[in-house]
1. Condition test on residue 158, is it over 13 Å from residue 2 (Cα atoms), over 20 Å from the mean Cα position of the chain (by Cα) and part of a helix (DSSP H, G or I)?
2. So, in the range 72-82, how many residues would count as being touching a residue at least 12 places away in the same chain (Cβ under 8 Å) and part of a loop (DSSP other than H, G, I, E, B)?
3. Looking only at the range 125-147, how many residues end up being out of contact with any strand residue (DSSP E or B) (no Cβ under 8 Å at 6 or more places or on another chain) and in contact (Cβ under 8 Å) with a residue 40 or more places away in the chain?
4. What about residue 122, is it closer than 29 Å to residue 139 by Cα, modelled with pLDDT of 90 or more, out of contact with any strand residue (DSSP E or B) (no Cβ under 7 Å at 6 or more places or on another chain) and surrounded by 14 or more Cβ atoms within 10 Å (Cβ to Cβ)?
5. Would you call residue 137 surrounded by fewer than 12 Cβ atoms within 10 Å (Cβ to Cβ), out of contact with any helix residue (DSSP H, G or I) (no Cβ under 6 Å at 6 or more places or on another chain), over 18 Å from residue 31 (Cβ atoms) and modelled with pLDDT under 90?
6. If I ask for residues that are surrounded by 12 or more Cβ atoms within 10 Å (Cβ to Cβ) and without any contact (Cβ under 8 Å) to a residue 12 or more places away in the chain, which ones from the range 92-105 would you list?
7. Only one residue in 66, 89, 99 is over 15 Å from residue 14 (Cβ atoms), out of contact with any strand residue (DSSP E or B) (no Cβ under 7 Å at 6 or more places or on another chain) and at pLDDT 85 or above. Which one?
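The values are calculated or read from the model by the stated rules, or taken from the named source; none is laboratory data. The structure presented is a predicted model; accordingly, all values stated were derived computationally and were not measured. Here the Cβ positions follow ideal geometry from the backbone for every residue, glycine too, while neighbour counts run over all protein chains shown.
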């Protein structure tokens, strides 16, 4: 599975990794990608920027993942998984009202879908629809190269807009 971390303002891929598909691979990779830029210089920049948020889909609405984000001082802007069971019971969510009442949550829910553009480009143009390589290290190198190529394709459009 390929995982990408995107910054919301410009839609550029900041980091990416590849993992084996397990039931918790997405959440574990998300935490690893969040921890990746936590070096000294970037930590200062994050502190100056204010609170860091993470937008994600319903698969990330798990109490353990939300608690891990809060431990890292990251606000979880995660889509609420309000699935109804066959007995008519609505699933409880790990995202509380402190997050959902802010207008930034609604904005984050709209913008988080932009990450699918990265994966769509990587599959159609970047050649990742059917990976011809074997081994985690080789696939990770290909995925990282495809993310960098996507950013290079996106940059002229962003510069023209500015």
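1. Spelling it out, residue 158 is indeed over 13 Å from residue 2 (Cα atoms), over 20 Å from the mean Cα position of the chain (by Cα) and part of a helix (DSSP H, G or I).
2. Here is the first cut: in the range 72-82, the ones touching a residue at least 12 places away in the same chain (Cβ under 8 Å) are 72-81.
If we keep only those that are part of a loop (DSSP other than H, G, I, E, B) as well, we get 72-73, 79-81.
Looking only at that region, the number is 5.
3. Just the residues of the range 125-147 that are out of contact with any strand residue (DSSP E or B) (no Cβ under 8 Å at 6 or more places or on another chain), to begin with: 125-127, 129-135, 137-138, 141-142, 145-146.
Okay, now just the ones that are also in contact (Cβ under 8 Å) with a residue 40 or more places away in the chain, so none.
Of the residues in the range 125-147, 0 are out of contact with any strand residue (DSSP E or B) (no Cβ under 8 Å at 6 or more places or on another chain) and in contact (Cβ under 8 Å) with a residue 40 or more places away in the chain.
4. Values: closer than 29 Å to residue 139 by Cα: yes; modelled with pLDDT of 90 or more: yes; out of contact with any strand residue (DSSP E or B) (no Cβ under 7 Å at 6 or more places or on another chain): yes; surrounded by 14 or more Cβ atoms within 10 Å (Cβ to Cβ): yes.
Against the criterion (closer than 29 Å to residue 139 by Cα, modelled with pLDDT of 90 or more, out of contact with any strand residue (DSSP E or B) (no Cβ under 7 Å at 6 or more places or on another chain) and surrounded by 14 or more Cβ atoms within 10 Å (Cβ to Cβ)), residue 122 qualifies.
5. Values: surrounded by fewer than 12 Cβ atoms within 10 Å (Cβ to Cβ): yes; out of contact with any helix residue (DSSP H, G or I) (no Cβ under 6 Å at 6 or more places or on another chain): yes; over 18 Å from residue 31 (Cβ atoms): yes; modelled with pLDDT under 90: no.
Judged against the criteria, residue 137 is not a match.
6. Quick first cut of the range 92-105, residues surrounded by 12 or more Cβ atoms within 10 Å (Cβ to Cβ) only: 93-95, 99-100, 102, 104-105.
102 - this is the single residue of the range 92-105 that is surrounded by 12 or more Cβ atoms within 10 Å (Cβ to Cβ) and without any contact (Cβ under 8 Å) to a residue 12 or more places away in the chain.
7. Numbers: 66 fails: out of contact with any strand residue (DSSP E or B) (no Cβ under 7 Å at 6 or more places or on another chain); 99 fails: out of contact with any strand residue (DSSP E or B) (no Cβ under 7 Å at 6 or more places or on another chain).
Just one listed residue meets the conditions, 89.
Conditions tested, residue by residue: (1) loosely packed, with under 14 Cβ neighbours inside 10 Å; (2) modelled with pLDDT under 90; (3) touching a helix residue (DSSP H, G or I) at 6+ places or on another chain (Cβ under 6 Å).
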{"site": "11", "(1), (2), (3)": "no, yes, yes"}
{"site": "19", "(1), (2), (3)": "no, no, yes"}
{"site": "24", "(1), (2), (3)": "yes, no, no"}
{"site": "36", "(1), (2), (3)": "no, yes, no"}
{"site": "42", "(1), (2), (3)": "yes, yes, no"}
{"site": "57", "(1), (2), (3)": "no, yes, no"}
